[in-house]
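Colleague: Before I ask anything, here is the structure I am working with.
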Amino acid sequence: MRTRHYIPMIPWLIVLSFPTFLSAQVLTAEHHKPLCTDSLWAYKLPYIHVTDTGRNCIWDFSNISTDTADIVDIHYYNSSDTDTCNIGLHREHAHYYYQLAQDTLWQIGYETSRTHVLYSFPLPVMRYPFVYGDSLSGFFDGNGQYCHILPFSIEGFFSTMATAIGQLKLPDIQIDTVLHVRSIINYHEKKHVQNNISEERHLWYSPYCRYPVFETILVHTVTKTDTISVASAYYIPQEQKDMPKREDLDEKPENAMDSLITNVRYVPNPVYADLQIQYSLVRPAQVFISVHHNGGTTIFHTPICHEEEGEHTVLVNMAGMQVGSYTIYIYADDSVVSGNIIKL
């Protein structure tokens, strides 16, 4: 058994609306807002380039195959013990934090194993209702840390527009009324304006599914070198209909990652100073742990480490933390578990 010891270190918005076409697909808060109990899987596929805009478009993706695709486990959760409008999303070793304010879903920050960012001017993800021709655009900025030590600031511009409606052909299904949404985000570090990142996403929404049924992603990074990463993701529509709560999901696709983390204990709980986080791994994995105050604000997290199969203990000195409730997340590859503790 290995024991690790850690001492933590303590908008502007433009909305443009065009005439609403009643026959077009409409994204509404009632049918398309993310829910904290939802869980689904995305099948990662090769990138598909898309240029179509306008009405009566036809997108034929019927030849895609999920037989050898990697599967990404996605789940939503309530990221605050005190505010039900705060929504967390876990996907591929990262957390994204959102807040629903009136008719708009805002991204207020994100966190990976090495980077943590909170937006002072948040990023609007979607406004409800959203129809063909509608758009959101504006500036955003935020502050963060690399490895929870080195501070940095970012600023950028976003643009989201419903650019097309039409028919989407997928394996074994055809959807006649899809809404195509294009989202572009450009941002850079304030002190290093030569470091630029551009993200372009294309998403197809069905009237019968809460989340997109297909997505393409292109990320262009310009630093000392010029790199581009691309991918597509397929969210099978049949798996979204009548979407169950996460605790009701009994089966995963055959090649989905099984849970790697078992026998989790937090000792003592409540805790005054030293907390033991105990867990077991069913096989070797890349692991890190994060601690969040009230389930939202990140206090600190451990560096990512390779851990062997078996029992492990992490010791965290919480003597300097304020009294209250905390949520702890343990990540092992694409698996994650969480638990709550009380600091006295």
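Colleague: Kindly indicate whether any position in segment 209-221 is closer than 30 Å to ILE299 by Cα, surrounded by fewer than 15 Cβ atoms within 10 Å (Cβ to Cβ) and at pLDDT 90 or above.
Modeller: Looking through segment 209-221, none of the residues is closer than 30 Å to ILE299 by Cα, surrounded by fewer than 15 Cβ atoms within 10 Å (Cβ to Cβ) and at pLDDT 90 or above.
Colleague: Right, next: In segment 26-52, which residue that is of a type in the set (Asp, Glu) and assigned to a loop (DSSP other than H, G, I, E, B) is surrounded by the most Cβ atoms within 10 Å (Cβ to Cβ)?
Modeller: ASP38
Colleague: Could you look through segment 124-157, keep only residues that are part of a loop (DSSP other than H, G, I, E, B) and touching a Pro at 6+ places or on another chain (Cβ under 8 Å), and pick out the one that is farthest from TRP106 (Cα to Cα)?
Modeller: Here the residue is CYS147.
Colleague: ASP176 is checked against (1) part of a strand (DSSP E or B); (2) farther than 27 Å from LEU35 by Cβ; (3) at pLDDT below 90 and fails just one. What number does that condition carry?
Modeller: For ASP176, the exception is condition (2).
Colleague: Output yes when any residue across segment 88-106 is out of contact with any Cys (no Cβ under 9 Å at 6 or more places or on another chain), under 21 Å from HIS202 (Cβ atoms) and not in a strand (DSSP E or B), and no when none is.
Modeller: Looking through segment 88-106, at least one residue is out of contact with any Cys (no Cβ under 9 Å at 6 or more places or on another chain), under 21 Å from HIS202 (Cβ atoms) and not in a strand (DSSP E or B).
Colleague: Could you go through segment 306-318 and let me know if any residue there is polar (S, T, N, Q) and more than 22 Å from HIS95 (Cα to Cα). Working first, answer last.
Modeller: Taking segment 306-318 first, the residues polar (S, T, N, Q) are 313, 317.
Among the residues that remain, those that are also more than 22 Å from HIS95 (Cα to Cα) are: 313, 317.
Yes - at least one qualifying residue is present in segment 306-318.
Colleague: Pick out the one residue from LEU123, LEU105 that is crowded, with 19+ Cβ neighbours inside 10 Å, in contact with a Lys or Arg (Cβ under 9 Å, 6 or more places away or on another chain) and not assigned by TED's automatic domain parsing to the domain that holds HIS292.
Modeller: Result: LEU105 is the single residue among LEU123, LEU105 that is crowded, with 19+ Cβ neighbours inside 10 Å, in contact with a Lys or Arg (Cβ under 9 Å, 6 or more places away or on another chain) and not assigned by TED's automatic domain parsing to the domain that holds HIS292.
Colleague: Let me ask something additional. Being of a type in the set (A, V, I, L, M, F, W, C) and surrounded by fewer than 18 Cβ atoms within 10 Å (Cβ to Cβ) is the filter; apply it to segment 84-102 and report the residue that is modelled with the lowest pLDDT.
Modeller: Top of the filtered list is CYS85.
Colleague: Against the definition (modelled with pLDDT under 85 and closer than 18 Å to HIS202 by Cβ), how does ASP52 come out, yes or no?
Modeller: Working: modelled with pLDDT under 85: yes; closer than 18 Å to HIS202 by Cβ: yes.
Here the answer is yes, as ASP52 does meet what is asked.
Colleague: Give me the strands (runs of 3 or more DSSP E) completely within segment 179-241, filtered to those with at least 1 residues that are among the charged types (D, E, K, R) and over 20 Å from VAL125 (Cβ atoms), ordered by residue number. Walk me through it before giving the result.
Modeller: On the way: elements: 192-205, 214-222, 226-234.
Qualifying strands (runs of 3 or more DSSP E): 226-234.
Colleague: Quick one: which residue in GLN276, GLN322, GLN286 is under 21 Å from the mean Cα position of the chain (by Cα) and either assigned to a strand (DSSP E or B) or modelled with pLDDT of 80 or more (or both)?
Modeller: Values: GLN276 fails: under 21 Å from the mean Cα position of the chain (by Cα); GLN322 fails: under 21 Å from the mean Cα position of the chain (by Cα).
Matching residue, one of GLN276, GLN322, GLN286: GLN286.
Colleague: Enumerate the pairs (first residue in segment 306-326 and in the same structural domain as HIS293 (by TED's automatic domain parsing); second residue anywhere and surrounded by 13 or more Cβ atoms within 10 Å (Cβ to Cβ) and acidic (Asp, Glu)) with beta-carbon separation below 8 Å, excluding pairs fewer than 6 apart on the same chain, so at least 6 apart or on different chains.
Modeller: Close Cβ pairs satisfying both conditions: LEU315/ASP274; VAL316/ASP274; ASN317/ASP274; MET318/ASP274; ALA319/ASP274; SER325/ASP81.
The values are calculated or read from the model by the stated rules, or taken from the named source; none is laboratory data. These figures come from a predicted structure and were not determined experimentally. All Cβ positions, even for glycine, are placed from backbone atoms using ideal geometry, and neighbour counts span all protein chains on display.
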